1. Tell me, please, whether a residue that is surrounded by fewer than 21 Cβ atoms within 10 Å (Cβ to Cβ) and hydrophobic (A, V, I, L, M, F, W, C) can be found in the stretch 367-383.
2. Can you say whether ARG489 is at pLDDT below 85, closer than 23 Å to PRO431 by Cα and in contact with an Asp or Glu (Cβ under 9 Å, 6 or more places away or on another chain), as far as the supplied structure shows?
3. Among the residues of the stretch 666-701 satisfying the criterion of being among the small types (Gly, Ala, Ser) and surrounded by fewer than 18 Cβ atoms within 10 Å (Cβ to Cβ), which is farthest from the chain's Cα centre (by Cα)?
4. From ALA595, ALA571, ALA587, which residue is outside the structural domain of ALA464 (by TED's automatic domain parsing) and under 27 Å from ARG468 (Cα atoms)?
5. Within the stretch 419-434, count every residue that is assigned to a strand (DSSP E or B) and touching a Leu at 6+ places or on another chain (Cβ under 7 Å).
6. Provide a single number: the residues in the stretch 552-592 that are assigned to a strand (DSSP E or B) and surrounded by 18 or more Cβ atoms within 10 Å (Cβ to Cβ).
7. Of all the residues that make up the stretch 602-617, how many are assigned to a helix (DSSP H, G or I) and farther than 9 Å from GLY575 by Cα?
Amino acid sequence: MAITTNRFRVRGLDCAEEVNALRDTVGKLRDVSALDFNLIDGTMTVQYDADLVGESVILDAVKRAGLQADPLDATCANGVCAVEEGWWLKRGRAFMCWSSGALVLTGLASHAMLHGGLLHALIGGEGMVNHVFPLPVRLLYGAAVVTGGWFVVPKAWLALRRLQADMNLLMTIAVFGAMAIGQWFEAGTVAFLFAFSLLLESWSVGRARRAIHALVNLTPPTARYRCPADGDIIEKLVADVPVGVTILVRPGERIPLDGIVTRGRTSVNQAPITGESMLVAKEEGNEVFAGTINEEGSIEFRATKPAADTTLARIVRMVEHAQSRRARVEQWVEKFARYYTPAMLAIAFMVAVVPPLLGGSWGRWFYEALVILVIACPCALVISTPVSIVAALTAAARAGVLIKGGAFLEAAGRVKVFALDKTGTLTKGLPEVQEILALNGHTRHELLARAAALEAHSEHPLAAAVLRKARVEHVTPLVAQEFRAIKGRGAEAMIEGRLFWVGSHRLLHEKGVEESEIHIHAQRMEDAGHSLIVVGSDRHVCGLISVADAIRPEALALVRQLKAAGVRHVAMLTGDNQGTADAVGRAVGVDEVRAELLPEDKMQAIQEIQQRHGLVAMVGDGVNDAPALATATLGISMGAAGTDAAIETADIALMSDNLDRLPWLVLHARRALRIIRQNIIFALGLKAVFMVLALLQVATLWMAIAADMGASLLVIFNALRLLRDRGPRLNVVT
C-alpha cells in the first residue's frame, strides 16, 4: 500500500456547495482515505492509495461534480505556481453574467416598444389580461436564461443525478418553472441575478484570497548576494539564493530573506511580520525577516532560511491552511445548509400542491412555490461565515497575530479567563537595577563604579544588570585586582589598594555587619520582590543595589484592557518565588497569583482554573510553558521566545512582544463572531419574511431573487469589514 497525499487546484471552488459535491464524488472513491479543502486558496488535498487510485481517477471524479482540477506540483509554495488560466477561465463567469443582464434589459426594452409600454412589460406577467410576450422578446429572455445559467444548469443536472439537492438545482427548477408558466421576464431576471450572486460570491472569496497573497508579494522577487567563491555581487531570484550567503540590502529596500545581520546598522519596519508600528533598530547579531523594510542604513546579513521557509512564507501557509480548522459556528452553518435545501424543496412542493387541492389556483400557487425556491437559496448563508472567518484571520495576520484556524478565533471570542506567564510576558524577562542606595558617606557614582568593577568578572544575570546600569549612567568601572569568587554568595577583590566585596543578603549575614538601618532597607527591597546586591569594604557596608525583572510599562494597561473587553478573571503563573510574584501581581492588578510552579505545575494550575471558571486562555513564551499552552482552551505564545517557536507552539502566536495585541485579539474575535451572528440572523430572517409573503401571495420571483442578491451583498460586505480591523492600541500607564 502506497499512501500518497496530493494537492489539486480546483477551478471555481468558491462555495461550500462545490465542497459538498466533491465530497460526494472524490470523497466516495473507495481508496481515498482523507479529503480536505481550502476554499480561499481554491485547493483540494487528497490522501489515497496510489497503487489503486491514480490522478486520472481523481480528476474524473472532480468532473462528475461539475468542476475541473489540475495537480499542483510539490514544489509549488502555497499554490502560487498554479496552472496558467486562459481568458475564459478568468473572465468567462463575468462575461456570461453581464451578457445575461444585458439580454434581460434588451428584452425588457423590446417588450416595452413592441407591446404595451414599460409598465406592461414589467408587471404584465403577474396576471394582466391579454398579456403576451412577442417572439423576439421570448428569444431575448431565453438567451438571458442560457447565459445566466451557463455555469449553473450543468451543476444542477449533476446534483440531480447524485440525488443531492443544492442551490443550483433550486434555481434551475425555479427558472424552468417560470418559463413553463409563461413568466419569461422573471425567468431571465432570476437567471441573471443568480449568476450575479455567484459572481459576487466568487469576487468576495477572491478578495480574501488576494488579501492573503498580498503577503507573499511583500517579499522582493530577487536578492543581491556576495558570491562565496570570488566575492562578486550576484542578483538572483529569491528562490534560488542559497542559505548561508551574505545578502546586501540598501536603504528603502525590502529584505528578501530571513537572516542575521553581519554588518551595518539600520532601522527596520517590521509591521508586515510583527504588526509593530515603530521602527526596530538592527545591528550586528540581530535577526531580520523577509518582507520587512530597511528604512535607513545599508546592511549585510547572512541568510538563515530558504525562501520557502521564511517566517513570512510560513505565516501565509498558516493563514491559508487555517480554514481546515473550522469554527463550530462554521460547521453548524454547513450542516444546516445540507438539510435545509431538501427541506425547502419539500416545502415548495407542498405549497404548489396542497392549496390547489383545497380549492386554490394551480398556476398561482405553482408560481409562489417557485418564489419559495428562489428565496430558499442558501447562498448568502453559506458564503457569509467562511468569508468572515478568513477576513478576520487575514486582518489578524496583518496586525502581527497569527491565528491558526477559525476554531481558535471563535475560542478567543468566547474565553473569559486569561492565565499569564510572568517572565517575558508581564515582565521584560531581563533583570534590571531598580534602586541604588549609597550608605556611610559613599555617593551613588562611587557605589556603582565599585559594584561594576567587582561584577565585571561574573557572568551572573544580576552582574550583567549592574554593568548595563553603569553603561547607561556613563559610569566607568574601576580596576579590580586579585579577584576571588565566594562560591554561591558573591566575590571580593582589591580596588585602589583596599578590599571590597559584593554579594547577597546571605553574605551580609555571614560577615556580621548588618546594622538595623541596613536590615530595614534590605527587608523593604526584598519585600518588593527585588534581589539584593550588597557592596561592602573592609570597613563597612558601602550600599545596597536592588535588581528585579522589570515590569513592562504596558502590563497594568493590559490587565485593565482585558477586563474592559469582558475578561472576568486574570491569573498570573510563574516559577519565581512567592514574594517576587506577589509584588508583580499587585503592580499589574491580576486577580490571582500562583508562584514557584514547575512546567507540570502550570499545567495542573490551568486544569484547576478551568474547573472553576471554564474556558481559559494561557499566554506564555511557547517553550517552557508548552504543557500549560497545550492544556488550556486557547494557547497563545509570545514572540519573545523566538519567532519560530511562536509560530509552531500554540493555537495563536503573537509575532511581537506587544501586549496590546491581547485585548485587541479578544475584541477582534468577538467582533468577528458578532458579524457572523448578524449575517446568519439576517440571511435566515429575510428568507422567513419572504416565505410569509409568498404564502400571502404578495412576493414575486424577481423580488425574491433581488432580496436574495441583496442579502448576499450585505453579508459579504459586512464580513469584509473585518479586513480593515487594525484594533486599538493600549494607553501605556507609567
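1. Checking the stretch 367-383: not a single residue is surrounded by fewer than 21 Cβ atoms within 10 Å (Cβ to Cβ) and hydrophobic (A, V, I, L, M, F, W, C).
2. The answer is yes for ARG489.
3. ALA688
4. ALA587
5. 4
6. 5
7. Qualifying residue count, the stretch 602-617: 11.
Matching residues to (1) β-branched (Val, Ile, Thr); (2) at pLDDT below 85; (3) under 30 Å from ALA491 (Cβ atoms):
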position	(1), (2), (3)
GLY529	no, yes, yes
HIS540	no, no, yes
ARG568	no, no, no
ALA581	no, yes, yes
VAL590	yes, no, no
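The values are calculated or read from the model by the stated rules, or taken from the named source; none is laboratory data. Note that the structure is predicted; figures quoted are calculated from it, not measured. Ideal geometry is used to build each Cβ from the backbone, glycine not excepted, and the neighbour counts take in all protein chains shown.
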